[in-house]
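What follows is a set of notes on a single structure, which appears directly below.
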Amino acid sequence: MTVKGTESAGGYITHHLTDWCLGCNPQTHQPNGLVDFHAFTLDLLLISLILALGLCFVAWRMGRKLSIDNPGRFQLAIESMVEYITDQMREVFPEINHYVGAMALTIFSWVFLMNVMDLIPVDLIPQIAALVGHHFFGMGTVYFRNVPTAALDTPFAMAIVIFVLMVVYQVKANGVGGYFKRFLLHPYGKYGGPANIVTTLIDDFSKLVSLALRLFGNMFAGELIFALLALLTFSALNPPSWSAAAWVPAQFVTGIAWSIFDLLIATLQAFIFGVLAIVYLGMAQQKVEH
């Protein structure tokens with residue numbers, strides 16, 4: 001398979017790590033800065049929306065088929081996940097919060113689906129997007145990424161939502177005055193004002209950054225390795241030939257091995273994101289002593 005506009009290994013990798021972006025710099029195809037409210041990564045939005053709708057459809061179908069007397073295997077698996085999340089919440093929440101539990105299960109399921117998009121052959125969806133763009137819209141070089149969590153946008157968007165909920169629960173538990181007092185009085189007491197503010201800000205924002213970067217870093221590495229493996233044989237640089245075919249066994253074995261490992265990473269990262277959301281929101285609901 002070929003991808004138009006890639007003439008070198010660097011070009012091939014760069015092509016696969018470039019988003020279909022509306023409002024980005026037309027020369028670099030990148031946002032104008034780390035934060036650019038004029039740029040919209042349409043590929044990430046499209047894939048995320050399709051997976052969310054698919055998840056909603058499965059949940060709707062499952063809800064219609066729930067059975068107390070004769071539960072299926074899928075229902076039993078979901079019930080096990082719900083029980084595990086409930087146990088986690090009992091450890092960190094003063095009382096069960098069904099909203100947070102449902103959100104954590106949704107986060108895990110949605111992040112897992114976005115992560116496993118990495119297992120789709122690396123050139124398949126970009127090729128389909130390129131064919132559609134060329135033949136129906138007259139586009140030149142078409143960029144398309146199919147792993148939303150391998151870009152900074154998606155993990156940070158979800159982490160920001162968790163951060164905002166943390167602030168809401170902190171205000172709910174301690175009041176507006178109590179929320180701002182924690183910046184002045186903790187952790188060093190009333191005489192450590194500036195140090196308290198800096199330490200509390202670092203503590204709060206480190207949760208947001210670590211939550212997003214952990215997911216992004218793992219999935220970005222997985223996407224990059226699949227692109228590197230594609231360079232062995234059937235890629236933009238190696239059209240079908242006898243010399244390229246000699247690398248097929250190596251690519252097949254390494255591809256299968258990395259796919260299994262990447263599936264474990266995808267599941268683990270989705271699990272960690274969901275559990276940390278519970279932990280952080282549980283910590284936010286604790287009353288602060290002044």
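Read the figures in this text as sums done on the coordinates, not as results from a lab. Just so we're clear, the structure is a prediction, and the values are computed from it rather than from any experiment. Because the Cβ atoms are built from the backbone with ideal geometry, glycine has one as well, and the counts that use them run over all protein chains shown.
At a threshold of 8 angstrom on Cα-Cα distance, excluding pairs fewer than six apart, so keeping six or more, what relative contact order does the stretch 9-284 reach in percent?
25 percent
Using a basic spin-label model with each label point 7 Å from the Cα along Cα→Cβ, how many nm lie between residue 221 and residue 201?
Label at residue 221, label at residue 201, 3.1 nm between them.
Quote the convex hull volume per residue of the stretch 1-154, based on C-alpha atoms, as a whole number of Å³. Kindly include the intermediate steps, with their values, before the conclusion.
On the way: hull volume 26.9 nm³, N = 154.
Considering the Cα atoms of the stretch 1-154, their hull volume per residue is 175 Å³.
Under unit Cβ charges (Lys, Arg +1; Asp, Glu -1), what dipole magnitude, rounded to 20 debye, does the chain have relative to its Cα centre?
500 debye
Given the stretch 9-284, what count of lysine pairs have C-alpha atoms under 29 Å apart, with each pair 8 or more places apart or on different chains?
Close lysine pairs under the 29 Å cut-off: 6.
Go ahead and run the numbers for FRET between residue 77 and residue 256, Cβ-Cβ distance against an R0 of 22 Å, rounding to 0.05.
Rounded to the nearest 0.05, the efficiency is 0.30.
In terms of the ratio Rg/(2.2 N^0.38 Å) built on C-alpha atoms, what value belongs to the stretch 115-236?
Dividing the Cα radius of gyration by 2.2 N^0.38 Å gives 1.62.
Just 156, 205, 136 to compare: in a GNM of the chain, with alpha carbon springs under 10 Å, which one fluctuates most?
136
How high is the FRET efficiency from residue 84 to residue 283, r the C-beta distance, R0 22 Å, rounded to 0.05?
0.70
Evaluate 2.2 N^0.38 Å with N set to the residue count of the stretch 62-120, then give the Cα radius of gyration divided by it.
1.32
Just want to confirm a number: the relative contact order over the stretch 21-108, from Cα pairs under 8 angstrom separated by 6+ residues, in percent.
Relative CO of the stretch 21-108 lands at 16 percent.
Match the structure shown to one of the listed values (i) 145; (ii) 130; (iii) 176 of volume of the Cα convex hull per residue in Å³, computed from it, and give that label.
(iii)
Can you compute the modelled spin-label distance between residue 184 and residue 34, with each label point 7 Å from Cα toward Cβ, in nm?
Distance between label points: 3.0 nm.
List 79, 223, 91 from most exposed to least, where exposure is judged by having the fewest other Cβ atoms within 10 Å. Before the final figure, lay out the partial values.
Values: 79 12, 223 23, 91 9.
With the fewest neighbours first, 79, 223, 91 line up as 91, 79, 223.
With springs only between Cα atoms under 10 Å, which of 35, 164, 116 fluctuates most in a Gaussian network model of the chain?
Judging by the Gaussian network model, the answer is 35.
Work out, step by step, the length gained on full extension between residue 152 and residue 167: first 0.36 nm times the residue separation, then minus their alpha carbon distance; give nm to one decimal. Write out the running numbers ahead of the final one.
On the way: separation 15, 0.36 × 15 = 5.40 nm, distance 2.22 nm.
Answer, rounded to one decimal: 3.2 nm.
Express in whole angstrom the spacing between the alpha-carbon centres of the stretch 7-74 and the stretch 252-290.
18 Å
Which Cys residues of the chain have no other Cys beta carbon under 4.7 Å away?
Cys with no partner Cβ under 4.7 Å: 56.
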